[in-house]
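Below is one structure, written out as structure tokens; the observations come after it.
The values are calculated or read from the model by the stated rules, or taken from the named source; none is laboratory data. The structure presented is a predicted model; accordingly, all values stated were derived computationally and were not measured. Every residue, glycine as well, gets a Cβ built from its backbone with ideal geometry; the counts of neighbours run over all protein chains shown.
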Amino acid sequence: MLASIVNTFSNCFKIPELKSRISFTFVVLAICRLAAWIRIPGLDGAKLTEYFATNTSSSGGVLGMYSLFTGGALEKCAIGALGIMPYISATIVMQLLTAVVPSLSKMVREEGGRVKIIKYSRYLTVLLCIAQGLFMAISWEHPQGIFSGFVGTLVYPDQNIWWYRFQTVLILTTGTLLLMWLGEQITERGIGNGISLVITIGILARLPAAGQGLKDMFFPAVAGPQTYNFGHAIALLFLLAAVVAGTIAVTQAQRKIPVQYAQRAVGRKMYSGGTSFLPLRLNFAGVMPIIFAGAILMVPQQLFFMIGKSYPDLRFFSGWATALADGSPVHLIIYTLMILFFSYFWTATQFNELQIADDLKKNGGYIPGVRPGQATSNYLNNSMKRITLAGAIFLTIIAVIPIILIRQLHIPQTVGSFFGGTSMLILVGVLLDTMRQMESHLMMRHYDGFLKGGRGGGSRLRGRF
């Protein structure tokens with residue numbers, strides 16, 4: 001098995017075009033990593049790096065997720081501290097708007113419409129960068145409001161405050177736009193989805209810290225009673241294998257709806273009928289429900305905490321903040337329900353069964369045993385609802401595992417984050433997509449690919465949902 005994988009990788013470099021694309025991708029990703037290390041002038045990033053290293057509580061929630069997506073740039077006050085998140089947020093907003101605004105929905109179906117949507121997303125990215133950059137610049141002036149227990153300020157005292165703010169917003173906006181441009185260059189000239197690979201390389205950059213945390217778990221530097229033993233190591237190994245295998249299986253899983261095309265004539269040409277299938281992905285929403293649930297749940301917890309801290313007479317707000325703290329039973333219950341809700345919400349806004357049924361009818365296609373038109377739409381809607389439930393339950397389990405490991409079993413955050421959550425879903429999804437693209441180049445040159453068992457297009461769901 002290992003020899004086959006090594007041989008496949010060696011075949012990749014025998015194809016000049018694929019070799020060039022892989023080399024270009026690695027060079028651009030290395031440039032992207034520099035944005036996480038070059039610090040913004042006028043800021044003492046070493047203080048924030050030390051704070052994150054000694055305060056594991058700040059590594060969870062939205063701050064931890066944001067730091068994960070920026071590849072640690074947030075912790076260093078680097079020029080890439082905003083990361084690629086403003087562009088992702090703008091893209092998500094435009095996707096939601098195209099689902100609810102008729103004019104945008106019509107534009108997407110027109111020729112050149114998607115190019116306009118991408119252009120609008122870039123404009124919105126600039127606005128979000130300016131707003132988030134200003135918020136981050138002011139937060140670095142008074143970090144106590146976000147980083148609990150932080151003492152002092154990150155801004156050097158000799159700085160002109162308004163010049164500092166203008167300079168920081170400009171640098172952060174430029175850093176994000178540079179990452180966005182580099183990601184698009186990878187998509188065009190490299191291999192894989194560039195924006196996703198920029199996020200992935202930031203997650204993989206935490207592997208050395210995870211390895212060090214794993215080493216400290218079983219071989220602590222300070223002598224004393226050992227908390228973890230060989231049995232814990234075996235359990236973690238089996239859990240990691242199960243999470244990775246389950247994530248791969250569910251990411252590739254799809255239900256194939258059979259579609260029959262009737263024979264039809266267009267002008268003087270006669271098109272023969274045939275059989276195809278319509279793939280319905282089990283995890284249609286991807287990581288979006290986890291991101292939405294974590295971001296929204298963080299807002300009331302922080303709001304209650306700030307009110308309770310500012311007004312001692314309203315102590316019950318502090319109690320609510322504690323009840324909603326990351327890893328508490330109340331937090332886990334609400335978090336689970338929100339993931340289930342947003343799984344259906346995202347699928348409902350992005351999966352247009354009416355348009356699919358209409359396109360099938362126009363092209364002479366139909367699902368055997370189902371009448372074209374409204375009946376086909378209802379059939380697709382019911383099928384998607386059933387498989388979305390299975391995907392939502394899977395997402396919930398994947399999202400809760402690292403929280404339980406970190407908060408309840410006291411596994412180091414750097415280690416526990418690789419046992420599920422957004423990091424595992426992104427890593428598996430992006431790596432599978434990149435391998436599929438590499439495999440397409442190999443198959444065109446008659447080489448064996450990586451996914452020998454997956455040429456059919458993913459796992460087939462058996463049984464009726």
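Would you confirm whether or not region 21-32 contains a residue that is under 27 Å from Gly294 (Cβ atoms), in contact with a Cys (Cβ under 8 Å, 6 or more places away or on another chain) and at pLDDT 75 or above?
Among the residues of region 21-32, not one is under 27 Å from Gly294 (Cβ atoms), in contact with a Cys (Cβ under 8 Å, 6 or more places away or on another chain) and at pLDDT 75 or above, which makes the answer no.
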Region 240-260: number of residues that are in contact with a Phe, Trp or Tyr (Cβ under 8 Å, 6 or more places away or on another chain) and not polar (S, T, N, Q): 9
Output the number of the condition that Ser89 fails; it satisfies all remaining conditions of (1) buried (at least 16 other Cβ atoms within 10 Å of the Cβ); (2) in contact (Cβ under 8 Å) with a residue 12 or more places away in the chain; (3) more than 21 Å from Met288 (Cα to Cα); (4) of a type outside the set (Asp, Glu). (3)
Among the candidates Ile411, Ile403, residue that is modelled with pLDDT of 80 or more, buried (at least 19 other Cβ atoms within 10 Å of the Cβ) and in a loop (DSSP other than H, G, I, E, B): Ile411
Pull out all pairs, ordered by first then second residue, where Cβ-Cβ is under 8 Å, the residues are six or more apart or on different chains, the first lies in region 203-214 and is among the basic types (Lys, Arg), and the second is in a loop (DSSP other than H, G, I, E, B) and modelled with pLDDT under 85. Arg206/Gly71; Arg206/Gly72
Against the definition (more than 19 Å from Cys77 (Cβ to Cβ) and either within 23 Å of the chain's Cα centre (by Cα) or of a type outside the set (A, V, I, L, M) (or both)), how does Leu207 come out, yes or no? yes
Yes or no: Ser139 assigned to a helix (DSSP H, G or I), small (Gly, Ala, Ser), over 30 Å from Lys106 (Cα atoms) and at pLDDT below 85? yes
Is it the case, given these coordinates, that Ser383 is part of a helix (DSSP H, G or I) and at pLDDT 85 or above? yes
Matching residues in region 178-203 - criterion: being within 22 Å of Glu75 (Cα to Cα) and surrounded by fewer than 18 Cβ atoms within 10 Å (Cβ to Cβ): Leu178
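Yes/no per residue for (1) within 22 Å of the chain's Cα centre (by Cα); (2) more than 30 Å from Val259 (Cα to Cα):
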| position | (1), (2) |
| --- | --- |
| Met298 | yes, yes |
| Phe317 | no, yes |
| Glu353 | no, no |
| Leu360 | no, no |
| Phe394 | yes, no |
What pairs can you find where one residue is in region 237-261 and closer than 21 Å to Asp433 by Cα and touching a residue at least 24 places away in the same chain (Cβ under 8 Å), the other is part of a helix (DSSP H, G or I) and not hydrophobic (A, V, I, L, M, F, W, C), and their Cβ atoms are less than 8 Å apart, with a gap of 6+ or different chains? Val250/Gly391; Thr251/Gly429; Gln252/Gly454; Arg255/Ser383
Looking only at strands (runs of 3 or more DSSP E) that lie completely in region 254-372, which have at least 3 residues being modelled with pLDDT of 80 or more and touching a Leu at 6+ places or on another chain (Cβ under 7 Å)? 254-261
